[in-house]
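What follows is a short report on a single structure.
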Amino acid sequence: MNIVVCVKQIPDPAAPQSFDASNNLDRSGKLILDEADTYGVEMALQLVDKAGGGEVTVVSMGSASDVAGIRNALAMGAAKAVIVSDEALRGSDALATLAELLQLPSITFAKSVEIDGTTLKVERQTESGYDEVTAPLPCVVSVTAGVVEPRYASFKGIMAAKSKPLQTLSVSELGLDGQVGAAGAGQAIVEVVAAEARQSGEKFVDEGDGADKIVAFLESIKVL
């Protein structure tokens, strides 16, 4: 079984964030693998192991100047990686219609995934519980955080990742000239505003009337 996992490298959340003149996030610094994507990589690795053969390929779009995040996915166990990197992609909006373009069935918010022959069995998370869904393979699936526990890359895996194939493709090589970038995104970031600083909370000294004070406070802010 062969599985392709779409992943994204993002600026390290622990580092200060900045934006360029077009209000796009500056990605010139350290990039890491989005934590949410590690669940998809882990799920794919487990499915390949259960199938008894095959490989996992990770695909990403973005800067190729720092591929540490992609290497992390390879260190986890993915066999190879492909990154589409081109200045023409600046401002692109990643499509959420992958399954439609590939003409494949799609299941979202999967909280468990099993393979039964040529059929995919999924428990899909919903607001009221979950749905049990089946679909023929191949299929496009998105998983929720917590579907599996992502493994930590071992030292052996980290060393092996350095020699695994990592192919970089340009827009022209994919035949997408004129279809991508800010012009093809259909939207623009008008303004970026920092969130308001958190205000200090309300403190009450309980002198036997703590409950009454809390109720009065909640009523004053129209929570009750």
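The values are calculated or read from the model by the stated rules, or taken from the named source; none is laboratory data. Computed from a predicted structure; not experimentally measured. When we count neighbours, we look across all protein chains shown, and the Cβ atoms used for this are built from the backbone with ideal geometry, even at glycine.
Only one of these is at pLDDT 80 or above and assigned to a loop (DSSP other than H, G, I, E, B): V190, V180. Name it. When all the criteria are applied, what remains is V190. Within the range 114-136, not a single residue is assigned to a loop (DSSP other than H, G, I, E, B) and hydrophobic (A, V, I, L, M, F, W, C). Exactly one residue among G181, G157, G201, G210 is surrounded by 11 or more Cβ atoms within 10 Å (Cβ to Cβ) and more than 30 Å from A64 (Cβ to Cβ), and that residue is G210. Check off (1) over 19 Å from the mean Cα position of the chain (by Cα); (2) among the hydrophobic types (A, V, I, L, M, F, W, C); (3) surrounded by 17 or more Cβ atoms within 10 Å (Cβ to Cβ) for L101 and give me the number that stays unchecked. So the condition that L101 fails would be (3). Would you pick out the residues in the range 15-28 that are loosely packed, with under 11 Cβ neighbours inside 10 Å and touching a Lys or Arg at 6+ places or on another chain (Cβ under 9 Å)? Selection gives A15, S22. Among the residues of the range 60-81, some residue qualifies, meaning at least one is under 26 Å from A135 (Cα atoms), assigned to a loop (DSSP other than H, G, I, E, B) and of a type in the set (A, V, I, L, M, F, W, C). Mind listing whichever residues of the range 44-72 are over 12 Å from V4 (Cβ atoms) and touching a helix residue (DSSP H, G or I) at 6+ places or on another chain (Cβ under 6 Å)? R71, the sole residue that qualifies. Could you list, in sequence order, the residues of the range 130-150 that are in contact with a Ser or Thr (Cβ under 6 Å, 6 or more places away or on another chain), surrounded by 14 or more Cβ atoms within 10 Å (Cβ to Cβ) and polar (S, T, N, Q)? Residue satisfying the conditions is S142 alone. The residue of the range 15-34 that is farthest from R151 (Cα to Cα), among those that are free of Cβ contacts under 8 Å to residues at least 40 places away in the same chain and not in a loop (DSSP other than H, G, I, E, B), is L25.
Confirm whether K164 is without any contact (Cβ under 8 Å) to a residue 24 or more places away in the chain, among the basic types (K, R) and either surrounded by 10 or more Cβ atoms within 10 Å (Cβ to Cβ) or out of contact with any helix residue (DSSP H, G or I) (no Cβ under 6 Å at 6 or more places or on another chain) (or both). Taking the combined requirement at face value, the residue does not satisfy it. Applying the criterion of being of a type outside the set (S, T, N, Q) and part of a strand (DSSP E or B) to the residues of the range 3-14, the residue that is surrounded by the most Cβ atoms within 10 Å (Cβ to Cβ) is V5.
Yes or no, residue by residue, for (1) closer than 26 Å to R151 by Cβ; (2) part of a helix (DSSP H, G or I); (3) touching a residue at least 40 places away in the same chain (Cβ under 8 Å):
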site	(1), (2), (3)
L45	yes, yes, yes
D49	yes, yes, no
S92	no, no, yes
E100	no, yes, no
L104	no, no, no
F109	yes, no, no
S112	yes, no, no
